[in-house]
1. Only residues in region 24-36 that are on the phi > 0 side of the Ramachandran plot and at pLDDT below 90 count as the first member; pair them with residues that are of a type outside the set (A, V, I, L, M) and open to solvent by less than 30 Å² (accessible area, probe 1.4 Å), Cβ under 8 angstrom, at least 6 apart or cross-chain, and list the lot.
2. Is it true that Glu13 is at pLDDT 85 or above, farther than 23 Å from Asp56 by Cβ and surrounded by 12 or more Cβ atoms within 10 Å (Cβ to Cβ)?
Amino acid sequence: MTDFAIAAEPREENGRRASRRLRRTGMVPAVLYGDGKPALGLSIEARLLRKLLPDDRAYTSVITLEFPKGKETALIRDIQMHPYKEEVLHMDFLRVHAGERVHLHVPIHFLNETTCAGIKAGGVLHRALVEVEVEAPVGRLPEAIEIDIGTLLVGESLHLSQITVPEGVILLPLQHDDDKEIVSIHNPRTGAEAEEAPETAA
């Protein structure tokens, strides 16, 4: 897992007016909470976030917040974006420390999609899940769950119980007996044929 570092400053003022004033100076308001400590208001330069956030790894990696008088390690918990501008309005960070187990949604990446046997045979790929909630130790959170679908045939599917995840990683839906379907290959003609089939007299 990749660790990221970004400069941050404590902030005293809260509220909408204070946040608007802060944004006009090129800063983004944020809050750091968790680990049994009081919530801490902070601000981060917008230009630094524009460099950080396009990297998908940042959303599942430990972020080191570097303050003038110390550091905190955290995960990105929430990002509030402007409704129509590529502009971050507010961020939430969750304090974490080495050895702690945390819950996080991570993306699912499908491997060998272009060479998938079922797709090459004319099947249609259906992604039932694009992310899954996991539990893992800090520092060992996967950036993504990779699933090889190269041998998947038309009519076949994969469920959470059928995939292998890195050591120490738990797929949380399985802890609740929720064996979700992840992906399947459908026959594109099935639906049309069913619609066109004549009704059978009772």
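1. Correct list of pairs: Gly34/Arg95; Asp35/Arg95.
2. Values: at pLDDT 85 or above: no; farther than 23 Å from Asp56 by Cβ: yes; surrounded by 12 or more Cβ atoms within 10 Å (Cβ to Cβ): yes.
The answer is no for Glu13.
The values are calculated or read from the model by the stated rules, or taken from the named source; none is laboratory data. Keep in mind the model is a prediction, meaning the values are calculated, not measured. Quick reminder, even Gly has a Cβ in these numbers, built from the backbone with ideal geometry, and neighbours come from all protein chains shown. The area values use the complete protein model at the heavy-atom level, side chains included, leaving out ligands, DNA and RNA. Shrake-Rupley method; radii C 1.70, N 1.55, O 1.52, S 1.80 Å.
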